[in-house]
Amino acid sequence: MSPREIAVVRIRGWFRERFGEGGLDWLLHKQVPRHRHTIWYYLGGMTLFLFMVQVVTGILLLLYYRPSPGEAFESVQFLMTKVQFGWLVRGIHAWSANLLIFTAMLHMFSAFFLKAYRRPRELTWLSGCVLLLLFLGFGFSGYLLPWNTLAFFATKVGTQMIKAVPLIGNWLQTFLRGGEDVTGATLTRFFGFHVAILPALTTMVVATHLFLVQRFGMSVPPSVERKYPNGNVPSYRFVPNFLLRDLMGWYLALGVLAALAALFPWDLGVKADPFAATPAGIRPEWYFLFMFQTLKLIPGRFLFMEGEQFGLFLFGLAGLLWVLVPFLDRNPVGRIGRWIAFVGIGAIVYILGMSLWAWRG
Amino acid sequence: MQKMLCILTCVLAGGWSAAAADTPKVDRCRECHAILDGPNGEAAKQFTDDVHAKNGLTCADCHGGDSSAEDVDKSMDRKKGFRGIPQRAQIPELCARCHSDGAYMRAYNPSLRTDQLAQYWTSVHGKRLRASDLRVAVCTDCHSAHGIRPASSSLSTVNPLHVPVTCGRCHADAAYMKPYQIPTDQLENYRASVHYQTLQGGDLSAPTCATCHGNHGAAPPGMGSVERVCGTCHVFQERLFDQGPHKNPWQKAGIPGCITCHSNHAVLHTSDAFLGTGSDSLCLRCHSADDAGGKVAGRAYAALSNLDSHIRQSAAILDRAERAGMDVADARVVLYSGREKLIKARVDVHALDPASIEESTAAGMKLAASAFQAGQQALAERAFRRKGLALSLIVIGFVILSLWLFIRELEGKWSRQPTP
Amino acid sequence: MSAAVTDFEESPKAGRRRLLKTLVGSGVVASFVSICYPILKFLLPPRTGELDSDTVAARADELAPNSAKIFRFGNSPGILIRLADGNYRAFSAVCTHLNCTVQYRKAENDIWCACHNGTYDLMGRNVSGPPPRPLSEYQVHARGQEIVVSRAARG
């Protein structure tokens, strides 16, 4: 054996003695099914990659950001204008947030239509839904942090709705806002959510999600399963074949982010003035638009509920059904399976339609 | 019992007189006239909104007679002092009966002036009225006769917003003013002016006819006093003009200051082109391009227009940089100071001293240049970012390509040659 | 067959693989450098150090009574006045006529605009000259050794 090979064996042995046998062997032996739907498998890793980008850029931003109403806007302005490459870090963080949520939704819908939530992967689906909620929480809390007019009023409108939750609505709103109104206390609180609470929760849920994915391997969609009744779906190794392709995708995402940050810089806007009038045309970020538009359409009162309450109820119900789909889809290859797929298409059409309407209107 | 009756009477009497003081005087004149048609009724209807009516006065207080009598003969009895419609020549003194009486007016509005009649006699209108010209304005022509409102009311004919139209009722009527041989284009000219625009914009302190000509003592400002009139607001310009080379020669030649260049009524927005030797130049009305005055004009115009164009250029580049996503707030603050220098220079012009103008504009040029440089830097930074992006995209593209080739190699996608 | 296996190292395929491995490796290294370079530059604080927290208008002992200073508030100038009795007032220093920067006049105890002789009183009200509107007033707080100015609350 060459000296280099001897050195490699020795180093491996050193780590094996301390971390135990096996080590990363499971990863090296992991296989990924290869079929015409394999391309959707990349979305999970892409979401994870974008989340990592958020963590890194977020930590970098933390070195300069100041979470008080007197300094938040100025610190972001300082970051954008005086700190070297500050514009780049902030730009990537802002764009990656949007890309992350978009990719997560794509990942969720692909898992939905490929019926990856079937037994025994129900918990994977559940933890995934929780992750999407957490990412939306990241988006909502992070949006306020620059403390500009748009963010301030979007937060005001967004947190106003919470009051409509029955029984605990008021408490929830006070908890979120850190008081009656959106103030500096809200900023501090959202900052705490954004950099501590949500990351901690997300880490735990991501770990669970990844563990479950490794435990059960990649789900093969029913249409592919039919082609290979004896279960021998062709596959390739995770390392290096799938991982290298993953890497290609991640580099592509990096390029897209760099281009977006440099060519379409994220606007800073004007510092928030809590006592100014709400500017016309305030609306939330695109991922909340469809809910925003739906609420606008609901009449003031519906049956015994207030309009907003009814809206929240609808969303709650829809969300619950969506999350419980592994248990509702009794026969994924049968009629109910097809019905559920139609519902999924309907959901996409609804979301796209409402978002477009809100955007144009 | 007696005591009780006494007290009762006193109380009643006190209440009665108190009530009498509170209730306005009965105005039977108005009650009857208000139901008539035509001019007879109009006056009474208008009088409801009149400030005099609101202060408890009746028709009889101006027209004489007895306002408490219902019977026409009694109320319009000449023996009771009924005057009917007062003659024009008598109107000023009729109004002054109360309005020049300081003690009387104090009971109604202590801060109202009481010198209107005295002022009026000094005015052109007053002098001509004394010379038996009944066509000139008397009190009621401007204030209206029956629906008189205080000048502060936006409906008053003498509210600053309406003063030009009120004066214009005669002064803009060419046919009416024919015997007087004075221009009748003042209102039209004024409407083109900056002063009128400011007034229309809601600034009630903007000059109207009365501001420069006086209201009751209305007369055109005499020679020598024009500058002082303009100078009540345009203090610096008057001061600088007095120090300048035009003051003495013009005074001697009987040329008024200010309005010679800026016009009296059609005071338009000034432009740097009023200076210099171009087609809009006011200087060239008297000077020629190569005499001393023309040269001064040329220098002044050059300094101002130079600074103006530099400021515009700097603003343009900052706009470009901002549109491209760069932050230029600092530079805008600098440019703002530069603009101030230009504003100051435009005031300094009135001293007609090229050295002082150039001093102001020089300071402004420095600031504009600094802002321009900041704009250039911002654009350069943007270019740098794009280059950096291009470079990183090349690297990324290279990585993606090499990965792809490597994967193909790994998976044996190249055509295999059977090894011997 | 075994000869082919042992010859593997020298076959063109191995050469190609080595080349591609080098390409990928160098590409990845280059990309890491192009990521780390901005990050490292980012981590070093800029020379202008302290953040322009523009709400700090002055230090507590900076202004004598009956004097004033112009400070930057947002993107436009503000004026901080220390009255004779020691209290502070702050206004926008942008003249409401044509946007020149106003100044404090000690002798006349007023705020004055040198461009066209506009004057404001110490409550910011326009009292004479061309300015059509008063100056906007700002809120002033003392915070430790700093005088802090912020936008005034309405009502």
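The values are calculated or read from the model by the stated rules, or taken from the named source; none is laboratory data. What you see is a predicted model; the values in this text were computed from it and never measured. So basically every Cβ, Gly included, is an ideal-geometry build from the backbone, and we count neighbours across all protein chains shown. When the accessible area is computed, the model is the full protein with side chains, heavy atoms only, and any ligands, DNA or RNA have been set aside. Shrake-Rupley method; radii C 1.70, N 1.55, O 1.52, S 1.80 Å.
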- Message: Test of understanding: what is the full-extension gain from C:Arg17 to C:Val29, defined as 0.36 nm times their sequence separation minus their Cα-Cα distance?
- Response: 2.5 nm
- Message: Working only with C-alpha atoms, what are the Rg and Dmax values of region A:204-361, expressed in angstrom?
- Response: 22.3, 69
- Accessible area buried at the B-C interface, both sides summed, 1.4 Å probe (Å², nearest 100): 2400
- Item | region A:218-230 - phi-based ³J(HN,Hα) in whole Hz, Karplus 6.51/-1.76/1.60, Gly and Pro as x | 6, 7, 9, x, x, 4, 6, 4, 4, 6, 10, x, 8
- Query: Please identify the chymotrypsin sites (Phe, Trp or Tyr not before Pro) of region B:320-417 that satisfy two criteria: DSSP loop assignment and at most 14 other Cβ atoms within 10 Å. Which are they?
  - Reply: B:Trp414
- For chain C, just give the cysteines left without a disulfide-compatible partner, judged by no other Cys Cβ under 4.7 Å. C:Cys36
- For chain B: relative contact order, % (alpha-carbon pairs under 8 angstrom, 6 or more apart): 9
- Quick P(r) readout (the protein assembly as shown; Cα-Cα; 10 Å bins; whole %) gives 2, 8, 12, 14, 13, 12, 11, 9, 7, 5, 3, 2, 1, 0, 0, 0
- Task: Over region B:160-205, give the accessible area per residue in Å² for a 1.4 Å probe, as an integer.
- Result: 60
- Solvent-accessible area per residue for region A:38-279 (1.4 angstrom probe, square angstrom): 45
- Between chains A and C, what is the buried accessible area summed over both chains (1.4 Å probe, protein heavy atoms, nearest 100 Å²)? 1900
- Query: Among B:Tyr301, B:Tyr108, B:Tyr190, which one moves the most in a GNM of chain B with springs linking Cα atoms closer than 10 Å?
  - Reply: B:Tyr108
- Just flag the trypsin sites (Lys or Arg not before Pro) in region A:304-361 sitting in loop per DSSP whose Cβ has no more than 14 other Cβ atoms within 10 Å. A:Arg330
- Note on the structure: Inter-chain shielding metric for A:75-81, i.e. average beta-carbon neighbours from other chains within 10 angstrom, reads 4
- So, in Å, what gap is there between the alpha-carbon centers of region A:100-151 and region A:176-236? 7
- So for region A:38-279, taking the charge dipole from beta-carbon charges (+1 Lys/Arg, -1 Asp/Glu), which of A:Ala276, A:Tyr143, A:Leu257 sits furthest toward the positive end? A:Leu257
- Note on the structure: Rh (Kirkwood, all Cα-Cα pairs) for region B:160-205, Å, reads 11.2
- Would you work out which of A:Thr124, A:Leu201, A:Val83 lies farthest towards the positive end of the dipole of chain A, given +1 charges on the beta-carbon of Lys and Arg and -1 on that of Asp and Glu, about the Cα centre? A:Thr124
- Message: Using a 10 Å cut-off around each Cβ of peptide A:247-258, what is the average number of partner chain Cβ atoms that fall inside?
- Response: 5
- Distance in nm between A:Trp359 and B:Ile85 label points, each 7 Å along Cα→Cβ, equals 7.4
- Query: Which whole-number value in Å² is the accessible area per residue of region C:11-153, probe 1.4 Å?
  - Reply: 53
- Item | Evaluated at q = 0.11, 0.14 Å⁻¹: base-10 log I(q)/I(0), Debye formula over Cα of region A:38-279 | -0.68, -0.99
- Query: Can you list the residues of region B:204-241 with backbone N under 15 Å from a point 7 Å past the Cα of B:Ala131, pointing along Cα to Cβ?
  - Reply: B:219-220
- Query: Which FRET efficiency value, to the nearest 0.05, is calculated for A:Ile11 and B:Ala369 with the Förster distance at 60 angstrom and r the Cβ-Cβ distance?
  - Reply: 0.45
- How high is the FRET efficiency from B:Ser225 to C:Arg133, r the C-beta distance, R0 35 Å, rounded to 0.05? 0.70
- Message: Looking at chain B as a GNM with Cα springs under 10 Å, which of B:Ala331, B:Ala107, B:Ala303 has the largest mean-square fluctuation?
- Response: B:Ala107
- Item | Using a Förster distance of 22 Å, the FRET efficiency for B:Cys286-B:Lys252 (Cβ separation, nearest 0.05) | 0.90
- Burial-style ranking of A:249-256, A:93-100, average other-beta-carbon count within 10 Å with highest first, yields A:93-100, A:249-256
- Treating only the Cβ atoms of Lys and Arg (+1) and Asp and Glu (-1) as charged, compute the dipole magnitude of region C:54-102 about its Cα centre; round to the nearest 20 debye. 60
- Task: For chain A, with a Gaussian network of springs between Cα atoms less than 10 Å apart, report the residue from A:Phe152, A:Phe264, A:Phe102 with the top mean-square fluctuation.
- Result: A:Phe264
- Task: Express in % the proportion of alpha carbon pairs of chain B at distances exceeding 36 Å.
- Result: 56
- Item | Cα extents of region B:70-141 along the three principal axes, largest first (Å) | 42, 33, 18
- Compute the separation of the alpha-carbon centres of region B:73-145 and region A:340-361 and state it in Å as a whole number. 79
- Item | Loop GluC sites (Glu not before Pro), region C:68-155 (other Cβ atoms within 10 Å of the site Cβ: 14 or fewer; DSSP) | C:Glu108
- Take peptide B:258-268, look around each residue's Cβ out to 10 angstrom, count Cβ atoms belonging to other protein chains, and average those counts. 0
- Message: Give me the one-decimal nm value for the distance between modelled label points at A:Gln214 and B:Ala175, 7 Å along each residue's Cα-to-Cβ direction.
- Response: 10.3
- Task: Please compute how much accessible surface disappears when B pairs with A, both sides summed, using a 1.4 Å probe, and round it to the nearest 100 Å².
- Result: 1700
- Task: Heavy atoms only, probe 1.4 Å: what % of the accessible area of the protein assembly as shown goes to carbon and sulfur, would you let me know?
- Result: 63
- By how many nm would the segment from A:Asn232 to A:Glu21 grow when fully extended, if each residue of separation counts as 0.36 nm and the alpha-carbon distance is taken off? 73.1 nm
- Message: Can you compute the modelled spin-label distance between B:Glu42 and A:Trp171, with each label point 7 Å from Cα toward Cβ, in nm?
- Response: 7.5
- Taking a ≥ b ≥ c as the square roots of the eigenvalues of the Cα gyration tensor of region B:110-228, is the shape rounded (a/c under 1.5), prolate (a/b larger than b/c) or oblate? rounded
